[in-house]
Amino acid sequence: MTLRSTNLRRIASTDFDTFIVGGGINGAVSAAALAARGASVAMIDRGDFGGFTSQASSNLVWGGFKYLENYEFLLVRKLCVSRNRLIKSYPDNIKEIRFLASLDETAPYSPAFATLGTAGYWAIGSFATKPPAHRTPAKIKELEPIIDTTSLRGGIEYSDAYLKDNDARFVFGFARAAMNVGAAVANYVELAAAERTGGKWNLSLLDRETGETLTAHARILINAAGPHADAVNETYGVTTDHRLVFSKGIHLVVPRLGTGTRVLAFFDDTERLFYVIPMGIRSVIGTTDTRTADPTEGVTDADRRFLLDQINARLDLEAPLTTADIISERVGVRPLVVDAHGDDRTDSDWTALSRKHVIETDPRAHVITIFGGKLTDCLNVGEEVADQVERLGVSLDPDLGDWFGEPSASTRDEFLRQARLMGLAELRSKHNDEPVSERLWRRYGLRAFSMLEAIRDDPSMANDIMENADYLRVELHLAATTEMVTRLEDFLKRRSKIALVVPHDTVATSDGLFEACQILFGEDAHRRMDEYFGEDAVHDL
């Protein structure tokens, strides 16, 4: 029996304290926080965990420097505190990174004024990062020769943080943590109907993999459906004081630009910040900010042209970037919170809307709705949802803060010691100089100890499987049994970032792909490959 089927059986046979609809960052942190404090928790997502907005971020953990433009000092303070907590709690996964912002003649701020802003930002963030600095055009050219400095007035350098792996894997970490302490979670399960009778919610669910229906029961419903939160509330007739409007943002992944050690920041022609963000051997260009009514809207030719034109105008490249340089694309909508009874924002103040979150509770219906939010603010969301669950009558254990963060430094040291004795510390990842032992610890934490046992029993488990990806055979086996990889896309896009950094056609023809699929899906390997690549695209195996 697979991990997913086991969890589905539990969902259909247990009366839960809380039932969470949506397995993005808001749902996953809520599940982890509640389960760790003794609540019985179920969580579903109609797609994969972190498979919608949460897989389309900039992979940055930041305090919202740009929100200072609108004088949202309290929000910036809250986000900076959250950023600092995450850096401290995830020392191997979340790292401080420098931002280098170039200011030309069309930038809305002078270098002197921007330098004052970074000093204020550093202070609001409790001086927890390296101090900011003013940079002359000559210094900018020295630090990042790829930047065209001919029209620059100067720039600034300051710090925030970034995820070493991808955002969706970070989300799955919370889902896995919730399972570790008793939560029942499942992907590709859709809420079909909901009715409250007899003091509890009776839920009709659809398994989108098998087409089967099942029922579940819970005292409290938590709507963590991200951009779909309003639509989910309509499913069970709940009205709220807030609603969502959407801003579409895209990212383009291209071959690495610059040194790959800093985030390069620029103001585009609309005076909005955009970035070149390191992603190993690649760079991520983005993001845009386009108003949309459709949370599923994709990347358009106009989106691509806009970003490519903006970056080509600001970098000193041997040849301009074209669509042929795009390795992969990311697109998602930001769910922005507004008053449900007010008018839509006008175009003039559209970009002034921030990524704040609002948690609204209906005590009559026993429904908690999470509006908005972002990855940086996730711990606050988990804590605030737990507070609301307690107010609705579910008794929780004290919050010991053990539902987030990495294992202790001493546990990490013991893992690395054992890995070193096995020779794993001498192995290096393909696309950077990171030791394989450190990569395993960063990705899997305590579960990495079982990998050492597997490698001791069978040394071939330490071999790479796919020629273009950093994945050992043992990692595939662990993913198959503990990470609820249901479709090939789950592995390539979310448990890993292979599909982000390796061209689609290269993945499809990669030596080792079929073995990886056999490990993940067994006899279903061919079908899952056809499902992802298309029957005609998969090479002859």
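Odds and ends about this structure:
- Hits in segment 384-425 (condition: open to solvent by 50 Å² or more (accessible area, probe 1.4 Å) and under 29 Å from Leu353 (Cα atoms)): Glu384, Asp387
- Of the strands (runs of 3 or more DSSP E) that lie entirely inside segment 248-316, those containing 2 or more residues that are open to solvent by less than 40 Å² (accessible area, probe 1.4 Å), over 22 Å from Gly226 (Cβ atoms) and in contact (Cβ under 8 Å) with a residue 40 or more places away in the chain span 262-267, 273-279.
- Hits in segment 510-520 - residues which are of a type outside the set (Asp, Glu) and in a helix (DSSP H, G or I): Leu513, Phe514, Ala516, Cys517, Gln518, Ile519, Leu520
- Within segment 40-70, tally of residues that are buried (at least 24 other Cβ atoms within 10 Å of the Cβ) and among the aliphatic types (A, V, I, L, M): 5
- Test: Val507 is of a type in the set (A, V, I, L, M), part of a loop (DSSP other than H, G, I, E, B) and under 22 Å from Phe49 (Cβ atoms): no
- Residue match in segment 189-209 (condition: basic (Lys, Arg) and farther than 19 Å from Val41 by Cβ): yes
- Given (1) within 27 Å of Val299 (Cα to Cα); (2) of a type in the set (S, T, N, Q); (3) in contact with a Ser or Thr (Cβ under 8 Å, 6 or more places away or on another chain), index of the condition Asn59 fails: (3)
Residues are listed down the side, and each one gets a yes or a no for (1) over 21 Å from the mean Cα position of the chain (by Cα); (2) under 30 Å from Leu205 (Cβ atoms); (3) among the acidic types (Asp, Glu); (4) assigned to a strand (DSSP E or B):
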residue	(1), (2), (3), (4)
Asp17	yes, yes, yes, yes
Ile20	no, yes, no, yes
Ala32	no, yes, no, no
Met43	no, yes, no, yes
Lys66	no, no, no, no
Lys78	no, no, no, no
Ser82	no, no, no, no
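- Answer from Arg334, Arg330, Arg314 - the residue that is within 30 Å of Ile368 (Cβ to Cβ) and modelled with pLDDT of 95 or more: Arg330
- Condition broken by Thr323, with the remaining ones in (1) modelled with pLDDT of 95 or more; (2) hydroxyl-bearing (Ser, Thr, Tyr); (3) buried (at least 17 other Cβ atoms within 10 Å of the Cβ) satisfied: (3)
- Condition check for Val238: within 24 Å of the chain's Cα centre (by Cα) and either open to solvent by less than 30 Å² (accessible area, probe 1.4 Å) or aliphatic (A, V, I, L, M) (or both): no
- Test: residue in segment 204-219 that is of a type in the set (A, V, I, L, M, F, W, C), over 25 Å from the mean Cα position of the chain (by Cα), open to solvent by 20 Å² or more (accessible area, probe 1.4 Å) and modelled with pLDDT of 95 or more: yes
- Of the residues screened, Leu446 is not one that is crowded, with 16+ Cβ neighbours inside 10 Å and of a type in the set (A, V, I, L, M).
- Here Gly51 meets each of (1) under 16 Å from the mean Cα position of the chain (by Cα); (2) closer than 22 Å to Val263 by Cβ with one exception, condition (2).
- Annotation: Gly120 fulfils all but one of (1) under 30 Å from Val81 (Cβ atoms); (2) free of Cβ contacts under 8 Å to residues at least 40 places away in the same chain; (3) in a helix (DSSP H, G or I); the unmet one is (2).
- Scanning segment 71-89 for residues being in contact with a Phe, Trp or Tyr (Cβ under 8 Å, 6 or more places away or on another chain) and either surrounded by fewer than 17 Cβ atoms within 10 Å (Cβ to Cβ) or touching a residue at least 60 places away in the same chain (Cβ under 8 Å) (or both) gives a total of 4.
The values are calculated or read from the model by the stated rules, or taken from the named source; none is laboratory data. A quick note: this is a predicted structure, and the numbers were derived from the prediction, not measured. A quick note on method: Cβ atoms are made from the backbone with ideal geometry, for glycine too, and the neighbour counts reach across all protein chains shown. SASA here: full protein model, heavy atoms, side chains in, ligands and nucleic acids out. Shrake-Rupley method; radii C 1.70, N 1.55, O 1.52, S 1.80 Å.
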